[in-house]
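Novice: Before we start, here is the structure in question, set down as structure tokens.
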Amino acid sequence: MLRKADNSAVAFVIGALVLFFIGGILTTVVPPLVDASWSKPFENSDPTKGPTGKLKPYTELELQGRAIYVREGCWYCHTQQTRTILADTKRSGWRGVDSPVSTPDEFVYDNPHMFGTKRTGPDLSRVGGKYDEQWHVTHFRNPADLVPGSIMPPFPWIAADPAESKALVAYLQTLGRAKDWRPDGDFEK
Amino acid sequence: MAERTTLADAGEIPVTSTAKYTESVHEDATARAFILSSIGYFFIVGIVALLVAAKFLWPSFLGTIPMLTYGRLRPLHVNGMLFGWLLAADMGLMYYVVPRLCGVKLWSEKFGLATAALWNVIILGAVVSLLMGWNQGFEYGELPFVLDVAVVVAWIMFGTNMFMTVATRKYQQMYVTLWYMMGTVLWTAFVYLTGNFAALLVTGVNQANLNWMYVHNAVGLIFTPIGLAIAYYFIPKTANTPLHSHKLSMVGFWSLAFVYVWTGAHHMLHGPISQWLQTIAIVFSVMLLIPVWAAVYNFFATMRGQWHQMRDNVPIKFLISGVVFYLLTCFQGPMHSLRSVNAIVSKTDWIPGHAHMAVLGAFSFFAIAGCYYVVPRMFKRELYSDALANWSFWLFLIGGLGFFVTLWLGGFWQGWQWNNPSIPFIDTVVNLQPVWLVRFFSGVLMFGGIAAFAYNILATAIGAGGEKATDGAAVAA
């Protein structure tokens, strides 16, 4: 019996697909059905439950900036997730306040997602509000001018194009700001 | 006839490869087209690899030209190596191996050549779009939608040719290489559709989950099974000895089929994705040790009594070092999925060290060994230079080891620094400079290996060494 199945291409195809689909379906189709926070945008008005705030859809300008972020491959060097690791919350923190951990409901409007896998540069999940536009544009022109030793590549063609740099900065300023967590506001105040 | 009985009874490949068998029946036109073009991309994309490595040391090098910025060259390097070189070489080897294991000609050489042509169009399209920045924003899924569709078409063409050849086979027993090949064709289809089509329909974490299912299984259910298909064929073949155990190879196969697909979420450990899914991914990642050890044990047991061949048989050198790298990389994988280890190495330079050991150290080594074995047979002449082949091996091995070892040590140290938030981030960048310097020079050595390999194969193909022996016995030695 086993020997016969061993020699049959049809039995093979069925076996290989059935085994594959068990794990495939349980890990891709089922999780979003079980876990509502994957598709429900973040919203909280009760400070006892953690940071308050509301996730808003991207504006047209922010989406343009996001497209530049995708095009230039910023996401090969920067992640966008504050993980459940103490050092992560400290590193993306602000003036002694730890940043909140990233949750699935903060990313509902992200398409393509930009979580990233490699941190050649720092995590950007809470960078919104950290620097002003002037800083970012100077940084794009030549990062090492602002941060000696930086190996972030220069992006002079973005810095030289006001429309592009405005859009990209607008996008960067949204990052991590669904949750209102900075102690006394940010550069804007 | 004797060799066929061995095949049918014990599930072994015919050990006495005779010229008659290798030379007369098969045209190999498709295999030639795939293999030669893939080696061309190996060389070209090798240059891109060096540019990418150089940018870690000199970030503004070529930095004012948008097309040559890091964020565009990196995906070109990854896609070029994965799809232009490795997958194409693997497919080419399958076009060579499968008809021989089935005892029939390839179902259709014309259809095969059309597939090769389409594949080359896809790769050239990929080069243009990635340099232009037409990037979809998914790792391994960067290619624009049109090219994704073309990949699916090409894959169906490849699969049809393979399955039709198997369906018309003369030998009833299917050697394990055929199993892995067929598994690859089937799984790849679904894995690719998930990562490049289904992922477009959703957003956020849901999308990331599909993306990681694809990324992980691009390695686990495409490059692993097709790489093992190659190793299972060429290790016994080049060592001229039967496979240790057919049964054990089946254990490896079915456990791989079941276990791999569950593990995608281990790319987001500690990240914004459900804890229970992370735990499932960890448990199954550890279970991956089963298929890996089954295959590796089988390979080593096959080599029993044949180790002396490591001295001067270049394909064996590549194959066995590939098996060792496979064992190591697949030990690392499950270890990184443990939460405590992951907290240190995740997102660091350790990860490229790990990834390169899998697709370069293991699977590319298998493919290179296969090319060294089949190209002389397809062109019916001896390899242009054995000495050069040996050089290519040592360049790859030393360059590869330099690359892997420095990135692990460096990556581990980097993760250690990150976990101490009192060290400013930029200091952790500056501290890694020596690591990246060694990585670059290891890359130069590996590129030397690529150049030696490509030159040797090209010279063999065009007959630069003159028509030495075409005598079957000599070729099959």
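Novice: Yes or no: the range B:170-185 includes at least one residue that is more than 8 Å from chain A (Cβ to nearest Cβ), closer than 30 Å to A:D88 by Cα and in contact with a Ser or Thr (Cβ under 7 Å, 6 or more places away or on another chain).
Specialist: The answer is no, given that none of the residues of the range B:170-185 is more than 8 Å from chain A (Cβ to nearest Cβ), closer than 30 Å to A:D88 by Cα and in contact with a Ser or Thr (Cβ under 7 Å, 6 or more places away or on another chain).
Novice: From the residues in the range B:270-308 that are away from chain A (no Cβ under 11 Å) and of a type in the set (S, T, Y), which one is surrounded by the fewest Cβ atoms within 10 Å (Cβ to Cβ)?
Specialist: The qualifying residue surrounded by the fewest Cβ atoms within 10 Å (Cβ to Cβ) is B:T279.
Novice: Could you list, in sequence order, all residues of the range B:414-453 that are within 14 Å of chain A (Cβ to nearest Cβ), of a type in the set (A, V, I, L, M) and open to solvent by 60 Å² or more (accessible area, probe 1.4 Å)?
Specialist: Hits for the range B:414-453 are B:V430, B:L437.
Novice: Okay, moving on. Residue by residue through the range A:77-107, note down the ones that are on the phi < 0 side of the Ramachandran plot, surrounded by fewer than 21 Cβ atoms within 10 Å (Cβ to Cβ) and either at the interface with another protein chain (Cβ under 7 Å from one of its Cβ atoms) or small (G, A, S) (or both).
Specialist: A:T84, A:I85, A:A87, A:K90, A:G93, A:T103
Novice: If I go through the range A:34-46 residue by residue, how many of them are part of a helix (DSSP H, G or I) and modelled with pLDDT of 90 or more?
Specialist: Looking only at that region, the number is 2.
Novice: Which of the residues belonging to the range A:62-74 are of a type outside the set (G, A, S) and facing another protein chain (nearest Cβ under 7 Å)?
Specialist: The answer is A:V70, A:R71, A:E72, A:C74.
Novice: If the Cβ limit is 8 Å and pairs must be 6+ apart or interchain, which residue in the range A:85-104 that is free of Cβ contacts under 8 Å to residues at least 24 places away in the same chain pairs with which residue that is buried (at least 16 other Cβ atoms within 10 Å of the Cβ) and assigned to a helix (DSSP H, G or I)?
Specialist: From residues that are free of Cβ contacts under 8 Å to residues at least 24 places away in the same chain, the pairs are A:I85/B:A343; A:A87/B:W418; A:D98/A:T89; A:D98/A:K90; A:V101/A:D88; A:V101/A:T89.
Novice: I'm trying to understand the selection: among the residues of the range A:34-53, which are open to solvent by 50 Å² or more (accessible area, probe 1.4 Å) and within 9 Å of another protein chain (Cβ to nearest Cβ)?
Specialist: Selection gives A:V34, A:S39.
Novice: When the range B:269-299 is examined, which residues are found to be part of a loop (DSSP other than H, G, I, E, B) and polar (S, T, N, Q)?
Specialist: B:S274
Novice: Is it fair to say B:V121 is buried (at least 22 other Cβ atoms within 10 Å of the Cβ) and assigned to a helix (DSSP H, G or I)?
Specialist: For B:V121, the condition - buried (at least 22 other Cβ atoms within 10 Å of the Cβ) and assigned to a helix (DSSP H, G or I) - is not met.
Novice: So, one more: Does the range B:225-246 contain any residue that is open to solvent by 10 Å² or more (accessible area, probe 1.4 Å), within 13 Å of chain A (Cβ to nearest Cβ), more than 20 Å from the chain's Cα centre (by Cα) and under 29 Å from B:M157 (Cα atoms)?
Specialist: The answer is no, given that none of the residues of the range B:225-246 is open to solvent by 10 Å² or more (accessible area, probe 1.4 Å), within 13 Å of chain A (Cβ to nearest Cβ), more than 20 Å from the chain's Cα centre (by Cα) and under 29 Å from B:M157 (Cα atoms).
Novice: Quick one: in the range A:115-162, of everything that is among the basic types (K, R) and touching a helix residue (DSSP H, G or I) at 6+ places or on another chain (Cβ under 7 Å), which residue is least open to solvent (accessible area, probe 1.4 Å)?
Specialist: Going through the qualifying residues, I end up with A:K118.
Novice: Report, by residue number, each residue of the range B:299-342 that is touching a residue at least 24 places away in the same chain (Cβ under 8 Å) and of a type in the set (S, T, Y).
Specialist: B:T302, B:S321, B:Y326, B:T329, B:S337
Novice: Also: Looking at B:T184, is it without any contact (Cβ under 8 Å) to a residue 60 or more places away in the chain and within 18 Å of the chain's Cα centre (by Cα)?
Specialist: Yes: the conditions hold for B:T184.
Novice: Going by what's in this entry, would B:R381 be described as open to solvent by 10 Å² or more (accessible area, probe 1.4 Å) and either over 25 Å from the mean Cα position of the chain (by Cα) or free of Cβ contacts under 8 Å to residues at least 24 places away in the same chain (or both)?
Specialist: Here the answer is yes, as B:R381 does meet what is asked.
Novice: Same structure, new question: Among the residues in the range B:337-344, are any under 22 Å from B:F284 (Cβ atoms), surrounded by fewer than 21 Cβ atoms within 10 Å (Cβ to Cβ) and in contact with a Phe, Trp or Tyr (Cβ under 7 Å, 6 or more places away or on another chain)?
Specialist: yes
Novice: Taking the residues in the range B:247-269 that are open to solvent by 10 Å² or more (accessible area, probe 1.4 Å) and aliphatic (A, V, I, L, M) as candidates, determine which candidate is farthest from B:M213 (Cα to Cα).
Specialist: B:L248
Novice: Of everything in the range A:15-33, what is assigned to a helix (DSSP H, G or I) and more than 7 Å from every other protein chain (Cβ to nearest Cβ)? Give them in sequence order.
Specialist: Of everything in the range A:15-33, those that are assigned to a helix (DSSP H, G or I) and more than 7 Å from every other protein chain (Cβ to nearest Cβ) turn out to be A:G15, A:V18, A:F21, A:I22, A:I25, A:L26, A:V30, A:L33.
Novice: Let me ask another. List the residue pairs whose Cβ atoms are under 6 Å apart, where the first residue sits in the range B:209-221 and is in contact (Cβ under 8 Å) with a residue 40 or more places away in the chain and within 15 Å of B:F363 (Cβ to Cβ), the second is open to solvent by 10 Å² or more (accessible area, probe 1.4 Å) and assigned to a helix (DSSP H, G or I), and the two are 6 or more positions apart or on different chains.
Specialist: Every condition considered, the pairs that remain are B:G220/B:Y260; B:L221/B:Y260.
Novice: Can you name every residue in the range B:132-158 that is within 14 Å of chain A (Cβ to nearest Cβ), surrounded by 18 or more Cβ atoms within 10 Å (Cβ to Cβ) and assigned to a helix (DSSP H, G or I)?
Specialist: B:D148
Novice: From the list B:G71, B:G63, which one is within 14 Å of another protein chain (Cβ to nearest Cβ) and either out of contact with any helix residue (DSSP H, G or I) (no Cβ under 9 Å at 6 or more places or on another chain) or not in a helix (DSSP H, G or I) (or both)?
Specialist: B:G63
The values are calculated or read from the model by the stated rules, or taken from the named source; none is laboratory data. If you're wondering where the values come from, they're calculated on a predicted model, not measured in any experiment. Methodologically, a virtual Cβ is constructed for each residue, glycine included, from the backbone with ideal geometry; neighbour enumeration extends over all protein chains shown. Ligands, DNA and RNA are stripped out before the accessible areas are found, and what is left, the full protein with its side chains, is counted by its heavy atoms. Shrake-Rupley method; radii C 1.70, N 1.55, O 1.52, S 1.80 Å.
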